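Each remark here refers to the structure printed beneath this line.
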Protein chains: 2
Amino acid sequence: MSRILFSLLLVLSFTHAQDTLASWNDGTSKKNIITYVTSVTDPKSADFIPEVDRIAVFDNDGTLWSEQPAYFQLFFAMDRVKALASEHPEWKTTQPFKAVLEDDMNALMAGGTKGLLELVVATHTGMTDKEFDATVVEWINKAKHPRFNRLYKELVYQPMLELLTYLRANRFKTFIVSGGGIDFMRPFVSEVYGIPSEQIIGSMMEVAYENKEIIRKPKLASLDDKEVKPVNIHYHIGKRPVAAFGNSDGDFAMMEYTEANKKYKTLQLYVHHTDEEREWAYDRKSHIGKFDKGLDYGNEHNWTIVDMKNEWKVVYPFELKK
Amino acid sequence: MSRILFSLLLVLSFTHAQDTLASWNDGTSKKNIITYVTSVTDPKSADFIPEVDRIAVFDNDGTLWSEQPAYFQLFFAMDRVKALASEHPEWKTTQPFKAVLEDDMNALMAGGTKGLLELVVATHTGMTDKEFDATVVEWINKAKHPRFNRLYKELVYQPMLELLTYLRANRFKTFIVSGGGIDFMRPFVSEVYGIPSEQIIGSMMEVAYENKEIIRKPKLASLDDKEVKPVNIHYHIGKRPVAAFGNSDGDFAMMEYTEANKKYKTLQLYVHHTDEEREWAYDRKSHIGKFDKGLDYGNEHNWTIVDMKNEWKVVYPFELKK
């Protein structure tokens, strides 16, 4: 296609995408997204990607919804500990449960990954998949975030919802590839992001088939973070993605894997948390969502790095209703 | 809906489905399929299932294509051993490779599962996913079945292809859940059955992410058979299916799991290999595709059991071109 025609097409696409990406300020990130999608969906372009290979993968925590002051799934686990405490009198004196019951985040964090896994085992396993689903659904429709006093599922990013819609309108298949629990996400994520349960990938506890039911077992089967993200993409999708969206070094392997797609033009986008006022500002030194190696590499490799503060008109959907 | 209206709708559906299920003789199986699909897709029916929950799972070997005189993937592994033999002079004197090089199926089978796994490790691992894909693609487009002298991918069941199409036309999402290797199926199955790679579930070798590539490791990660089928359905799909299609006791757990769906009306269909002339006849005593417990249980539970010889007008697509 001639350069002039392509420019014309871009202008038309921009006009059309204005509505779809309404919460994105005109800027580098919005331009990169539209330029990429326009070029790979144009059958006459050398960069054209057939629909079956338009695989887009999204991290969840910090990429599609907030992850501060702690992963929302941790709040869920803590609320479950409190709900179940009367059946477990020993928790009053045993860590990490004691810390949860006393709302002592410092003591909880001091227990490290081992302590957090103990919380997950105690609250996420030993029941059928259906019983676990029910506890998640009840929580997600009731529990509120300490800072915003809003349901956790209201703390999704409006610009990213628009991006998901824009990609799907352009016949991309959108997947979640999260460090969060696959079974924690599935009961509500489909409704919130419009992504069906079979396109949700995440960390998994072992399950077994017993008496016609799926029973959740007290053992981690897969921690879907860092180098495990490409591995689980391979298992679940079986194709190298063409577009990857993340916010931290935990997403780096998935984005690097996508960038190394030799067959197609690719897009890598990092959400950079720069907005202390409307959301949070953190990167290189954060314990949650550490964004250091990826920030340097992304800048060197012309990845799209979204300056949340300056590029997003609104962060959360509820701001639109003000 | 009134009984009369439903009967009228059924007649109309039958007329329409006649074309789609053209290779099915009028009989119990065809009637069961159409009655089920008609009732669960009618928004006015008490049995209506929303599109997002129309999950249909299919075994592959013996259900969508033939599996005699041995699983086709075994022929692939044997052909790979022969192709790689010059690099492995020690194979001439070491089982199970010696048996393969001497075309001694008895000696090969005497080695049991352990021997077969050794073959798989030697031929399916130690390379990138892309390199493995290439060997599968080359083989599937060249190797021929010993009895029919046809490409293996020609030995798919025409009536089942029509059934897949019919279900998808009625907004079911079709998945493969096979004991065969997920990475053996993916390079050609999408094209043959119209099922995208992310809807193919099967046995998996371990993989790792190294140097921007997926590397296949010499260890089995999941043997997708019997009780593991519901487990992998849970991991990959995250929903209990409403329709399940198999042919052996290896599919029983998946079909029982589907039948135990308390929310929706379900369908279970077993392909019974009764046609020695056009395909093979085997069931209770077969080493491959043993169909014993499932046959009894299925009969007791009114599952649909397809009598291949009497209910299928043709078995393979190439018969249509005669």
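The values are calculated or read from the model by the stated rules, or taken from the named source; none is laboratory data. Keep in mind that what you see is a predicted model, and the values were worked out from it rather than measured. Glycine also receives a Cβ, built like all others from the backbone with ideal geometry; neighbour counts cover every protein chain displayed.
Might you check whether a residue that is among the hydrophobic types (A, V, I, L, M, F, W, C) and farther than 20 Å from residue A:216 by Cβ occurs anywhere in the range B:235-243?
yes
Output the qualifying pairs, or none if there are none: Cβ atoms under 9 angstrom, residues six or more apart or on different chains, first residue in the range B:199-228 and under 15 Å from residue B:177 (Cα atoms) and facing chain A (nearest Cβ under 8 Å), second residue in a strand (DSSP E or B) and among the polar types (S, T, N, Q).
Final answer for the pair search is B:199/B:174; B:200/B:178; B:204/B:222; B:228/B:203; B:228/B:222.
Of the conditions (1) assigned to a helix (DSSP H, G or I); (2) hydrophobic (A, V, I, L, M, F, W, C); (3) crowded, with 22+ Cβ neighbours inside 10 Å, residue B:177 clears all except one; give me its number.
(1)
If the requirement is being in contact with a Lys or Arg (Cβ under 6 Å, 6 or more places away or on another chain) and β-branched (Val, Ile, Thr), which of these qualifies: A:214, A:200?
After ruling out the rest, the residue left standing is A:200.
Can you tell me how many residues within the range A:119-139 are within 20 Å of the chain's Cα centre (by Cα) and free of Cβ contacts under 8 Å to residues at least 60 places away in the same chain?
The qualifying residues number 2.
Failed condition for residue B:225, given (1) touching a strand residue (DSSP E or B) at 6+ places or on another chain (Cβ under 7 Å); (2) part of a strand (DSSP E or B), with all others met?
That leaves (2) as the condition not met.
Of all residues being at pLDDT 95 or above, small (Gly, Ala, Ser) and surrounded by fewer than 22 Cβ atoms within 10 Å (Cβ to Cβ) in the range A:182-214, which is farthest from the chain's Cα centre (by Cα)? Just the residue, please.
A:208
For the range A:43-80, which positions are surrounded by fewer than 21 Cβ atoms within 10 Å (Cβ to Cβ) and farther than 30 Å from residue A:314 by Cα?
A:43, A:44, A:45, A:46, A:47, A:48, A:50, A:51, A:52, A:53, A:80
Working only within the range A:229-264, note down all residues that are facing another protein chain (nearest Cβ under 7 Å) and assigned to a helix (DSSP H, G or I).
Taking the range A:229-264 and keeping what is facing another protein chain (nearest Cβ under 7 Å), we get A:230-231, A:234-239, A:253, A:256-257, A:260.
Listed by number, the residues that qualify are A:230, A:231, A:234, A:235, A:236, A:253, A:256, A:257.
Looking at residue B:83 and the list (1) away from chain A (no Cβ under 14 Å); (2) buried (at least 19 other Cβ atoms within 10 Å of the Cβ); (3) not basic (Lys, Arg), which single condition is not satisfied?
(2)
Which of the residues belonging to the range B:102-125 are acidic (Asp, Glu) and either surrounded by 14 or more Cβ atoms within 10 Å (Cβ to Cβ) or closer than 16 Å to residue B:87 by Cβ (or both)? Break it down stepwise before answering.
Filtering the range B:102-125 for residues acidic (Asp, Glu) gives B:102-104, B:118.
Answer for the range B:102-125, where residues must be acidic (Asp, Glu) and either surrounded by 14 or more Cβ atoms within 10 Å (Cβ to Cβ) or closer than 16 Å to residue B:87 by Cβ (or both): B:104, B:118.
Do the conditions hold for residue A:295, that is, is it in a helix (DSSP H, G or I) and at pLDDT below 95?
On the way: in a helix (DSSP H, G or I): yes; at pLDDT below 95: no.
Here the answer is no, as residue A:295 does not meet what is asked.
Considering only the range A:174-198, state which residues are more than 10 Å from chain B (Cβ to nearest Cβ), among the hydrophobic types (A, V, I, L, M, F, W, C) and under 23 Å from residue A:33 (Cα atoms).
Across the range A:174-198, the qualifying residues are A:176, A:177, A:192, A:195.
Could you please give the count of residues in the range A:265-290 that are touching a His at 6+ places or on another chain (Cβ under 8 Å) and either within 14 Å of chain B (Cβ to nearest Cβ) or under 30 Å from residue B:186 (Cβ atoms) (or both)?
Number satisfying all stated conditions: 1.
What helices (runs of 4 or more DSSP H), lying completely within the range B:84-147, carry at least 2 residues that are within 27 Å of residue B:222 (Cβ to Cβ), aliphatic (A, V, I, L, M) and at pLDDT below 95?
Helices (runs of 4 or more DSSP H) meeting the threshold: B:105-110, B:112-124.
Which of the numbered conditions does residue B:171 fail, given that it passes all the others? Conditions: (1) touching a Gly at 6+ places or on another chain (Cβ under 6 Å); (2) within 14 Å of chain A (Cβ to nearest Cβ).
Going through (1) touching a Gly at 6+ places or on another chain (Cβ under 6 Å); (2) within 14 Å of chain A (Cβ to nearest Cβ) one by one, residue B:171 breaks only (1).
Name the pairs: first residue in the range A:237-256 and without any contact (Cβ under 8 Å) to a residue 40 or more places away in the chain, second residue in a helix (DSSP H, G or I) and surrounded by 22 or more Cβ atoms within 10 Å (Cβ to Cβ), Cβ to Cβ under 6 Å, at least 6 apart or on different chains?
From residues that are without any contact (Cβ under 8 Å) to a residue 40 or more places away in the chain, the pairs are A:238/B:186; A:253/A:229; A:253/A:230.
When residues of the range A:126-153 are filtered for being surrounded by 15 or more Cβ atoms within 10 Å (Cβ to Cβ) and either among the small types (Gly, Ala, Ser) or within 18 Å of residue A:316 (Cα to Cα) (or both), how many remain?
Residues meeting the conditions: 6.
Please count how many residues of the range A:154-174 are surrounded by fewer than 17 Cβ atoms within 10 Å (Cβ to Cβ) and in a loop (DSSP other than H, G, I, E, B).
Qualifying residue count, the range A:154-174: 1.
Identify, from the list A:259, A:227, A:206, the residue that is out of contact with any Ser or Thr (no Cβ under 6 Å at 6 or more places or on another chain) and more than 22 Å from residue B:200 (Cα to Cα). Reasoning before the result, please.
On the way: A:259 fails: out of contact with any Ser or Thr (no Cβ under 6 Å at 6 or more places or on another chain); A:206 fails: more than 22 Å from residue B:200 (Cα to Cα).
Exactly one of A:259, A:227, A:206 is out of contact with any Ser or Thr (no Cβ under 6 Å at 6 or more places or on another chain) and more than 22 Å from residue B:200 (Cα to Cα), namely A:227.
Could you say whether any residue in the range B:152-161 is in contact with a helix residue (DSSP H, G or I) (Cβ under 8 Å, 6 or more places away or on another chain), farther than 25 Å from residue B:224 by Cα and hydroxyl-bearing (Ser, Thr, Tyr)?
no
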